[in-house]
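Right, one structure below, let's go through it.
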Amino acid sequence: MKIVMVCLGNICRSPLADGLMRKKVIENKLDIIVDSAGTTGIHAGKSPDPRMCQTAKNFDTPIDSLKARKFTVEDFDNFDIIFVMDKSNKSNVLQMAKNEEDKKKVHLILEMSHPGQNLEVPDPYYGGEEGFIEVYHLLDIATDCILEKIKNNELN
Ligand code: 4NP
C-alpha cells in the first residue's frame with residue numbers, strides 16, 4: 001500500500017503527517033510506502049518549516065530530512081490513498097483527478113479520527129508555536145487511526 005499526505009506548501013502539516021506515519025509503519029514492521037506533497041510548488045525542494053521540525057523533534061519524530069515537492073497528476077496512479085489536511089487541499093486535488101477512481105482516493109485525514117465531522121488540520125504557518133503543537137496532536141491521533149485501520153484491513 002502507498003499513502004501520500006497532502007497540504008498546501010508541503011512544509012508544515014503534510015511533512016509531519018508523513019513523518020508520523022513513516023515512524024509508525026517502521027515500528028509496526030508494515031510494508032507501506034509513505035510520502036507527502038503540496039498542492040503548490042512554491043516551497044519545492046525545501047526542508048520542512050523549522051518551527052514544524054522543532055515541534056516534531058520535541059515529540060521524537062524527526063522530519064528534517066524530508067524535502068517539499070508539488071503534488072502531480074501521476075500521484076493518483078502512484079498512490080492508493082491521498083490524505084489531505086483541509087477542504088481547500090481537497091478541492092485542489094480533486095480538480096486534478098482524471099476520473100471517479102482518482103476522486104475516491106482523496107480523504108480529509110481527520111475523517112480517520114473524527115469520522116463524519118468534516119474537520120480540518122488548521123494551517124499553522126502564520127500563527128505561533130501553539131498552532132504547531134495542535135497540528136502535532138491532531139496528526140498523531142489521525143495517524144494512529146490510520147494504523148489501526150491498516151491492521152484491521154479497513155483501509156481501501
Ligand atoms: P502547509 O503550510 O500547507 O501546512 O505546508 C503552509 C506553508 C506555506 C504557506 C502556507 C501554508 N505559504 O503561504 O507559503
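The values are calculated or read from the model by the stated rules, or taken from the named source; none is laboratory data. Keep in mind that what you see is a predicted model, and the values were worked out from it rather than measured. FYI the Cβ positions are ideal-geometry reconstructions off the backbone, even for glycines, and counts take in every protein chain you see. Only protein heavy atoms, including side chains, enter the accessible area calculation; ligands, DNA and RNA are left aside. Shrake-Rupley method; radii C 1.70, N 1.55, O 1.52, S 1.80 Å.
When the accessible area of segment 3-90 is split by element with a 1.4 Å probe, what percent falls to carbon and sulfur?
Whole-percent figure for carbon plus sulfur exposure: 54.
Report, by chain and number, residues whose modeled amide H sits under 5 Å from the one on LYS70, excluding near sequence neighbours (fewer than 5 apart, same chain).
Close amide H contacts, sequence-distant or interchain: GLY38.
When a/c is below 1.5 the answer is rounded, else prolate if a/b is larger than b/c, else oblate, so apply that to segment 25-101 with a ≥ b ≥ c taken from the square roots of the Cα gyration tensor eigenvalues.
oblate
How large is ³J(HN,Hα) for each residue in segment 68-82, as worked out from phi by the Karplus curve 6.51 cos²θ - 1.76 cosθ + 1.60 (θ = phi - 60°), to whole Hz, x for Gly and Pro?
3J(HN,Hα) across segment 68-82, in whole Hz: 5, 8, 8, 5, 10, 5, 5, 4, 5, 8, 7, 10, 8, 9, 10.
Roughly how many Å is it from the Cα centre of segment 16-46 to that of segment 59-122, as a whole number?
11
Can you tell me the order of 34-45, 64-75 when each peptide is scored by its average per-residue count of other Cβ atoms within 10 angstrom, highest first?
34-45, 64-75
How much of the calculated P(r) for the chain lies past 20 Å, in percent of all Cα pairs?
Here the long-distance tail beyond 20 Å is 43 percent of all Cα pairs in the chain.
For segment 80-156, state what percent of all Cα-Cα pairs lands in each successive 5 Å bin, counting from 0 Å until the bin that includes the largest distance.
3, 15, 22, 23, 19, 11, 5, 1
Find the accessible area per residue for segment 2-151; the probe is 1.4 Å, ligands and nucleic acids are left out, and the unit is Å².
For segment 2-151, the per-residue accessible area is 48 Å².
Please say if segment 1-62 is rounded, prolate or oblate, where rounded means a/c under 1.5 for a ≥ b ≥ c the square roots of the C-alpha gyration tensor eigenvalues, and otherwise the choice is prolate for a/b larger than b/c and oblate otherwise?
oblate
What are the ³J(HN,Hα) values, in whole Hz, obtained from phi via the Karplus relation 6.51 cos²θ - 1.76 cosθ + 1.60 with θ = phi - 60°, for each residue of segment 140-148 in sequence order, with x given for Gly and Pro?
5, 5, 4, 6, 4, 5, 4, 4, 4
Straight distance only, please: which lysines reach the Cα of LYS104 with their own Cα at less than 20 Å, same-chain residues fewer than 8 apart left out?
By straight Cα distance, LYS104 reaches LYS2, LYS87, LYS90, LYS149.
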